[in-house]
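Nothing in this text is a laboratory measurement; each read-out follows from the coordinates by a stated rule. From a predicted model like this one, the values you see are computed outputs, not experimental measurements. Here Cβ is always computed from backbone atoms with ideal geometry, including for glycine, and neighbour counts include all displayed protein chains.
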Amino acid sequence: MDNTPGPRAGRKEWTALGVLMLPLLLVSMDVSVLYFAIPSISEDLEPSATQQLWILDMYGFVLAGLLITMGALGDRIGRRRLVLVGAAVFGLASAAAAYAHSAELLIAVRALLGLGGAALMPSTLALVRNLFHDEKQRAKAVTLWTAVLTTGISLGPVVSGLLLEHFWWGSVFLINVPAMALLLALVPFLVPESSTGRPAAGPSVTEQPATEEPANGHPANGHPANEQSTAGGRPRFDLLSSALSLGALLPVIYGVKEWARHGYAPVPALGIAVGLLFGFVFMRRQRRLEHPMIDLGLLGRRAFGGPVLANLLAMFATVGMAVFFSQYLQSVLGQSPLTAALWSLVPAAGVAVTAPTGAALAQRIDRAYVMGGGFALSACGFLLITQLQTDSPLWYTLLGGSVYAGGLVAAMTIANELALGAAPPERAGSAAAVLESGQELGGALGMAILGSVGAAVYSRDMADGVPAGVPHADAVRETLGGAAAVASELPGAVAQTLLTAAREAFTHGMGIAAIGAAVAMSGAGLFSVVFLRGAGRAAAPVPDEPAAPDHPPASHEAAL
């Protein structure tokens with residue numbers, strides 16, 4: 001890796017980062033903001049059970065399916081331009097969602113929200129790559145980016161609950177509108193444009209791994225980097241590759257989520273098979289193209305492909321355990337949804353400590369060791385979760401959550417920074433999209449695999465735990481929520497016996513799933529140390545240099 005320091009960012013660049021964090025926060029919040037609003041939406045719009053699921057899932061499906069397309073599009077037309085387009089679409093769709101008068105319309109505008117979110121997410125991370133050329137400053141910027149992303153997902157239910165205390169359900173969408181308007185007003189003045197052949201202000205610093213891997217000019221597919229260009233000097237956008245990537249990601253994520261929700265069924269299994277087939281065709285096409293949507297040579301590098309896999313494993317554990325954690329707070333410890341959502345923010349304290357600490361350590365020692373340490377810390381947190389009982393104190397639950405969340409975000413921050421450093425600036429959008437697509441797939445797999453493990457343990461424990469004569473025994477044996485619903489219609493003593501058995505079975509299932517998460521994180525840590533050692537070696541410390549002539553003088557803002 002080239003350790004020559006790039007120009008240091010000043011006040012303008014750090015202000016631009018703050019502006020870019022705003023859409024990232026809102027886009028990540030929209031993944032979970034409907035958790036509390038769905039009962040009010042159901043009462044108002046009266047959707048069918050299938051429509052209700054699509055209201056919840058449509059945003060995430062479209063977002064995941066279009067990430068690769070939007071990352072490549074931003075590389076070609078300009079990332080700032082795509083951020084502005086995404087902000088306009090996201091703002092308009094939010095206003096339409098707030099006043100939707102039917103379930104069908106709400107599903108459609110949730111798809112538009114996913115389109116806007118897919119335009120915003122990879123572009124913000126790619127612009128971070130092009131705004132911050134100094135390695136230390138970029139590490140701090142990526143730390144903030146990762147922390148905002150994970151915080152937004154946790155903050156969504158809290159914001160939703162607070163708004164629904166005072167306003168109608170449309171308010172959870174309407175809060176996006178002024179934020180997107182502010183983004184449209186500030187981005188043209190603060191964020192420089194960057195795209196293929198047109199980097200952001202300041203000299204481009206392409207960091208290559210110090211390995212035998214091919215340089216960017218000669219990717220592994222054998223094609224030279226002199227891409228066929230349009231009249232404007234940019235490579236043509238490949239619509240067929242875009243359709244193939246959509247056909248690969250959407251059916252796989254849909255199939256995995258449906259499998260997790262309802263168990264094996266022919267349609268989800270067929271969806272996964274179709275998606276894998278489209279994925280195979282997509283990868284074959286990328287190998288033949290002169291300017292592919294995904295540079296397979298870049299993906300094959302340890303310094304990029306390794307962090308993609310590490311991030312996938314991190315999201316596998318994060319999303320896989322999130323459902324258990326929130327259900328445990330509400331259904332086992334008996335907290336209200338809003339109280340549980342507020343307490344679930346406490347693990348952010350662990351993130352606030354470990355993420356900057358990991359970034360600082362990565363400036364002194366090999367990043368692979370820092371990633372491995374983060375994954376090891378998260379494994380310890382999951383092992384703490386395995387010791388939870390139905391009467392465990394709240395502080396112990398929050399301690400386990402803080403430890404595993406802090407370790408995961410620390411590892412993900414280093415993985416993001418390592419991958420961005422390995423990606424050439426002109427491919428930053430595509431690189432960011434691949435990272436985020438891996439995260440989406442990891443989350444879906446975590447929900448399916450860890451969720452299925454927990455559900456299987458629950459069902460097995462409840463096979464003999466249902467008192468004789470209890471109605472709807474199948475629902476009781478399927479979920480804790482089903483057991484609670486049935487118990488509400490039973491006499492006091494029988495209801496308490498049923499609830500006690502169901503809570504113990506759920507806690508046992510959560511513990512077994514946490515063991516699976518701990519094993520996955522141990523494997524991720526071992527992978528980071530063994531396979532990424534040397535690819536992520538920290539740069540030699542260099543003295544602070546003055547800003548480049550076209551940057552404001554480096555001041556205390558540059559040392560955030």
Can you return the lysines within cross-link range of residue 12? Criterion is Cα-Cα under 22 Å, with same-chain partners fewer than 8 residues away left out. 136, 140
So how far apart, in nm, are the two label points at residue 264 and residue 44 if each is 7 Å from Cα heading toward Cβ? 4.2 nm
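Give the order of 437, 378, 40 when sorted by the count of other beta carbons within 10 angstrom, beginning with the fewest.
40, 437, 378
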Estimated translational D of region 239-292 in µm²/s (Stokes, Kirkwood radius over Cα pairs; 20 °C; 1.002 mPa s): 187 µm²/s
Farthest positive-ward along region 277-329 dipole, Cα basis, beta-carbon charges - from 293, 327, 309: 293
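Per-residue counts of other Cβ atoms within 10 Å, averaged by peptide: what ranking do you get for 499-508, 137-146, 481-490, 245-254, highest first? The partial results should precede the final answer.
On the way: 499-508: 21.1, 137-146: 24.4, 481-490: 16.7, 245-254: 22.9.
In descending order of packing, they fall as 137-146, 245-254, 499-508, 481-490.
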Taking 0.36 nm per residue of sequence separation and subtracting the Cα-Cα distance, how much length would be gained by fully extending the chain between residue 339 and residue 277, in nm to one decimal? 17.9 nm
Taking Lys and Arg as +1 and Asp and Glu as -1, residues besides residue 139 with C-beta under 11 Å from its C-beta add up to +1
Stretched fully, the stretch from residue 165 through residue 488 gains (0.36 nm per residue minus C-alpha distance, one decimal, in nm) 113.8 nm
Order these peptides, 285-294, 11-20, 61-70, by their mean beta-carbon neighbour count within 10 angstrom, highest first. 61-70, 11-20, 285-294
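Between residue 526 and residue 459, what length comes free when the chain is fully extended (0.36 nm per residue of separation minus the Cα-Cα distance, one decimal in nm)?
Full extension of this stretch gives 20.8 nm more.
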Packing-based ranking, highest mean first, of 415-423, 334-342 given that Cβ atoms within 10 Å are counted: 415-423, 334-342
How would you rank 434, 403, going from fewest to most other Cβ atoms within 10 Å of each one's own Cβ? 403, 434
